[in-house]
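Comments concern the structure below.
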Amino acid sequence: MTTAEDFVQDQAAAIAARAERELEALVAVSSPSGDGKGAEEAFAVCSALLPGAAEIDRIPCSSPGHAPDLVARLEGHGAPRLLLLGHVDTVIPHREHRPLRRDNGRLAGSGAVDMKGGVVLALGVMRALEPHREAFAEAALLLVCDEEWRTQPFIHAERFAGWDACLCFEAGERTPQETEAVVVRRKAAGTLWVRASGQASHSGSAPARGRNALLALTAAAEAVAARNDPDGPLRLTAVPTVLKSGEAFNVVPAAGELFCDLRADSGEVFDDVAAAVPAEVGGATLTAELTRRWPGMDSREPTAGLLERAGKRLGRPVAAVERGGASDASHLAATVPVTVDGLGPRGGGAHTPGEFVRADALHSRSEVALALTAALLGL
């Protein structure tokens, strides 16, 4: 009879034996958000790595104009319904894409840690579940292709409402004490877009006739930054990140735009930040709009018992931590209270040319994911 420890150890070894090559295949596909061809190629790789019994469906993406998302299902004979969650899109454009390379224990390449490494582990968990269909009614893997740049509402949360658990495979981590950790709390996230409309004029001969959109946006950036309150009751961070204005060095800028990243324990405060942007500065008008609003996530209480049971199956503790970055797990947590994130491999450099996964983490984080799976399904 297979014990929980056997399931975790044996299946983790099987996943790790294939994971490096599978990650190489998936990273080889350049799949920036919104690129249909890249998404289709990435989904084709994932489909080839799924268990043979999995039924694959393509469902509409939350973002118009994107390739359909992918859902793979294993039907079982038990009671629980388990959702695994990931995304195949990256923020890296085609011209900057880097295939996987091995560098002193690191597997570096575009999207390796955010989050193709996690997708590889999720595919491995699906294969591990295929012989154990008596333990669940349904196990599904949802892979989306718009996570990195989505501004539309996430349409899949209701589809899986009422499911017993969701495991999301964003990058993993350890605590400062080297304890394996998973993410059970995230801040709400928002993107504030400020547009400026002014009046062009020659900056040398007639500067006073202009209405400087750049100066107006600078004032808007200062107004947003003044709301930054990371030590306050809602732990709000309000950070101007992108400013674009002006077309020539000798012309008063007539237009421009500013983007600001907002994070807080409650997204309601984002409206207050938007309201702090002045309507007019120096004759240039400003319009502020929240173009992206993601919910927060706090599953500490409903997952506490699960992490304890998983630690027993793993043979070492599993710590609950929080993370500031946004994730689709936050959307699912609203309808699936037992939602755990951060089950992917450890690594670093997300969204940069040096992005990497730690090769040894493919095995250790497989163990963590399988221990949670076993604890959820009673294996």
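The values are calculated or read from the model by the stated rules, or taken from the named source; none is laboratory data. Everything numeric here is computed off the predicted structure, so don't read it as measured data. In this analysis, Cβ positions are derived from the backbone assuming ideal geometry, glycine residues included, and neighbour counts consider all displayed protein chains.
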**Request:** Residue by residue through the range 316-329, note down the ones that are surrounded by 20 or more Cβ atoms within 10 Å (Cβ to Cβ) and either out of contact with any strand residue (DSSP E or B) (no Cβ under 9 Å at 6 or more places or on another chain) or part of a loop (DSSP other than H, G, I, E, B) (or both).
**Result:** Ala326, Ser327, Asp328
**Message:** If the requirement is being of a type in the set (A, V, I, L, M, F, W, C) and touching a Ser or Thr at 6+ places or on another chain (Cβ under 8 Å), which of these qualifies: Leu74, Leu83, Leu70?
**Reply:** Leu70
**Message:** Give all pairs with beta carbons closer than 8 Å in which a residue from the range 29-40 that is touching a residue at least 40 places away in the same chain (Cβ under 8 Å) meets a residue that is assigned to a strand (DSSP E or B); count only pairs at least 6 apart in sequence or on separate chains.
**Reply:** Ser30/Thr90; Ser31/Thr90; Pro32/Thr90; Ser33/Thr90; Gly38/Pro32
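Any residue that is surrounded by 14 or more Cβ atoms within 10 Å (Cβ to Cβ) and in contact with a Phe, Trp or Tyr (Cβ under 9 Å, 6 or more places away or on another chain) - is there at least one of those in the range 301-315?
So the first thing to find is which residues in the range 301-315 are surrounded by 14 or more Cβ atoms within 10 Å (Cβ to Cβ), and the list is 302-303, 306-307, 309-314.
Going one step further and asking which of them are in contact with a Phe, Trp or Tyr (Cβ under 9 Å, 6 or more places away or on another chain), we end up with 313.
Scanning the range 301-315 turns up at least one residue that is surrounded by 14 or more Cβ atoms within 10 Å (Cβ to Cβ) and in contact with a Phe, Trp or Tyr (Cβ under 9 Å, 6 or more places away or on another chain).
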**Request:** Starting from the range 272-289, keep only residues that are on the phi < 0 side of the Ramachandran plot, then list their pairs with residues that are among the charged types (D, E, K, R) whose Cβ atoms are within a distance under 7 Å, requiring at least 6 positions of separation or different chains.
**Result:** Val273/Arg227; Ala276/Arg227; Ala284/Arg211; Leu286/Glu280; Thr287/Arg195
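Does the range 265-284 hold any residues that are aliphatic (A, V, I, L, M) and loosely packed, with under 13 Cβ neighbours inside 10 Å, and which are they?
Filtering the range 265-284 for residues aliphatic (A, V, I, L, M) gives 269, 273-277, 279, 281, 284.
Ala275, Ala279, listed by residue number.
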**Message:** Can you confirm whether Glu134 is without any contact (Cβ under 8 Å) to a residue 60 or more places away in the chain, closer than 25 Å to Phe7 by Cα and either assigned to a loop (DSSP other than H, G, I, E, B) or not polar (S, T, N, Q) (or both)?
**Reply:** yes
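Would you check if there is a residue in the range 333-355 being in the same structural domain as Pro32 (by TED's automatic domain parsing) and part of a helix (DSSP H, G or I)?
Just the residues of the range 333-355 that are in the same structural domain as Pro32 (by TED's automatic domain parsing), to begin with: 333-355.
With part of a helix (DSSP H, G or I) added as a condition, the list becomes 333.
Yes: one or more hits.
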**Prompt:** Counting only residues that are part of a strand (DSSP E or B) and touching a Gly at 6+ places or on another chain (Cβ under 6 Å), which one in the range 247-265 is farthest from Arg211 (Cα to Cα)?
**Reply:** Arg263
